[in-house]
Amino acid sequence: MFPIAEMCADDYDEVLALWQRCEGVGLSPSDSQEGVCSFLLRNPGLSLVARQDDRIVGAVLCGHDGRRGYLYHLAVAAEWRRRGLGQALVEACLTRLAAAGIPKATIVVYTHNQDGQRFWSRLGWKQRADLVVLQQLPVQHPDAKG
Ligand SMILES: CC(C)(COP(=O)(O)OP(=O)(O)OC[C@H]1O[C@@H](n2cnc3c(N)ncnc32)[C@H](O)[C@@H]1OP(=O)(O)O)[C@@H](O)C(=O)NCCC(=O)NCCS
């Protein structure tokens, strides 16, 4: 019903516009055109878009580090939600990860994104109560100006 295709560099502007419209998707400098295209190059054939009438209505970034898979920025346009598209995108990513020999995947969801958490839990994903997410904040290079 929704053709799902591999995301390519040319999809960037439309995908970014979709992410910007979706609450629950947190954008950072890594989501610049250069950042996303670099991610696509490092993880060929894993990130996906879904189209309706030639418009991108769903998107997800997917990659792996040789050990675990990671999904980022799953988003479905508001008017196309609750029709199974989010689930179809996730399943297509997991199939592709499995074909690459990666049996497990992780996502990070904002604590305030209750709808997002309900979606993942409905798909059978479990919250790890024994883990917290830690992140190194960007360190400014001593020679950097400003
Ligand atoms: C989360 C999101 C991707 C779900 O996309 P979707 O296409 O609507 O999801 P699906 O139709 O495949 O939903 C599958 C099941 O998940 C559950 N679900 C989906 N959205 C839900 C919501 N808002 N509240 C509660 N359960 C929800 C339902 O059980 C649904 O099945 P049902 O409609 O038969 O009851 C979409 O709501 C979205 O883009 N949200 C904004 C961005 C976001 O939060 N992304 C997740 C970041 S981690």
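The values are calculated or read from the model by the stated rules, or taken from the named source; none is laboratory data. The shown structure was predicted, so the numbers you read here are calculated from the model rather than taken from an experiment. Cβ sites come from the backbone with ideal geometry, for glycine too, and all protein chains shown count toward neighbours.
Looking only at residues that are among the charged types (D, E, K, R), modelled with pLDDT of 95 or more and over 12 Å from the mean Cα position of the chain (by Cα) in region 1-36, which one is farthest from Leu97 (Cα to Cα)?
Taking region 1-36 and keeping what is among the charged types (D, E, K, R), we get 6, 10-11, 13-14, 21, 23, 31, 34.
Among the residues that remain, those that are also modelled with pLDDT of 95 or more are: 6, 10-11, 13-14, 21, 31, 34.
Adding the requirement that they be over 12 Å from the mean Cα position of the chain (by Cα) leaves 6, 10-11, 13-14, 21, 34.
Numbers: Glu6: 13, Asp10: 23, Asp11: 21, Asp13: 25, Glu14: 24, Arg21: 27, Glu34: 23 Å.
The selected residue is Arg21.
Answer yes or no: is there a residue in region 75-98 that is farther than 19 Å from Met1 by Cβ and of a type in the set (Lys, Arg).
Among the residues of region 75-98, at least one is farther than 19 Å from Met1 by Cβ and of a type in the set (Lys, Arg), which makes the answer yes.
Which members of region 113-131 meet the condition of being acidic (Asp, Glu) and within 12 Å of the ligand (Cβ to nearest atom)?
Taking region 113-131 first, the residues acidic (Asp, Glu) are 115, 130.
The one that is acidic (Asp, Glu) and within 12 Å of the ligand (Cβ to nearest atom): Asp115.
Could you identify the single residue in Glu34, Glu91, Glu79 that is within 23 Å of Pro138 (Cα to Cα) and free of Cβ contacts under 8 Å to residues at least 40 places away in the same chain? Quick ask: steps written out before the conclusion?
Working: Glu91 fails: within 23 Å of Pro138 (Cα to Cα); Glu79 fails: within 23 Å of Pro138 (Cα to Cα).
Testing whether each residue is within 23 Å of Pro138 (Cα to Cα) and free of Cβ contacts under 8 Å to residues at least 40 places away in the same chain leaves just Glu34.
Select, from Asp130, Asp115, the only residue that is assigned to a helix (DSSP H, G or I), out of contact with any strand residue (DSSP E or B) (no Cβ under 7 Å at 6 or more places or on another chain), modelled with pLDDT of 95 or more and over 20 Å from Leu46 (Cβ atoms). Lay out the reasoning, then the answer.
Working: Asp130 fails: assigned to a helix (DSSP H, G or I).
From the options Asp130, Asp115, the qualifying one is Asp115.
If I filter region 21-29 for residues that are aliphatic (A, V, I, L, M), closer than 28 Å to Ala129 by Cα and either away from the ligand (no atom under 15 Å from the Cβ) or in contact with a Ser or Thr (Cβ under 7 Å, 6 or more places away or on another chain) (or both), do I get at least one hit?
Keep residues of region 21-29 that are aliphatic (A, V, I, L, M), which gives 25, 27.
Checking the rest, the ones that are also closer than 28 Å to Ala129 by Cα come to 25, 27.
Retained after the next criterion (residues that are either away from the ligand (no atom under 15 Å from the Cβ) or in contact with a Ser or Thr (Cβ under 7 Å, 6 or more places away or on another chain) (or both)): none.
No: zero hits.
Quick test for you: out of Arg67, Arg51, pick the one residue that is in a loop (DSSP other than H, G, I, E, B) and out of contact with any Cys (no Cβ under 8 Å at 6 or more places or on another chain). Before you say what the answer is, go through the steps one by one.
Details: Arg51 fails: in a loop (DSSP other than H, G, I, E, B).
Criteria check complete, one pass: Arg67.
State which residue is farthest from the ligand (Cβ to nearest atom) when the search covers only region 76-97 and only residues that are assigned to a helix (DSSP H, G or I), more than 14 Å from Leu123 (Cα to Cα) and touching a strand residue (DSSP E or B) at 6+ places or on another chain (Cβ under 6 Å).
Taking region 76-97 and keeping what is assigned to a helix (DSSP H, G or I), we get 78-80, 85-97.
Cutting the leftovers down to more than 14 Å from Leu123 (Cα to Cα) gives us 78-80, 95-97.
Subset that is touching a strand residue (DSSP E or B) at 6+ places or on another chain (Cβ under 6 Å): 80, 97.
Working: Trp80: 7, Leu97: 16 Å.
Looking at residues that are assigned to a helix (DSSP H, G or I), more than 14 Å from Leu123 (Cα to Cα) and touching a strand residue (DSSP E or B) at 6+ places or on another chain (Cβ under 6 Å), I get Leu97.
For (1) more than 18 Å from Leu16 (Cα to Cα); (2) free of Cβ contacts under 8 Å to residues at least 40 places away in the same chain; (3) surrounded by 10 or more Cβ atoms within 10 Å (Cβ to Cβ); (4) over 14 Å from the mean Cα position of the chain (by Cα), each residue gets a yes or a no:
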| site | (1), (2), (3), (4) |
| --- | --- |
| Ser38 | no, yes, yes, yes |
| Gly45 | yes, no, yes, no |
| Asp53 | yes, yes, no, yes |
| Asp65 | yes, yes, yes, yes |
| Lys104 | yes, yes, yes, yes |
| Gln114 | yes, yes, yes, yes |
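Any idea which of Tyr110, Tyr70 is within 8 Å of the ligand (Cβ to nearest atom) and either within 23 Å of Met1 (Cα to Cα) or at pLDDT 95 or above (or both)?
Details: Tyr70 fails: within 8 Å of the ligand (Cβ to nearest atom).
Going through Tyr110, Tyr70 in turn, just one is within 8 Å of the ligand (Cβ to nearest atom) and either within 23 Å of Met1 (Cα to Cα) or at pLDDT 95 or above (or both): Tyr110.
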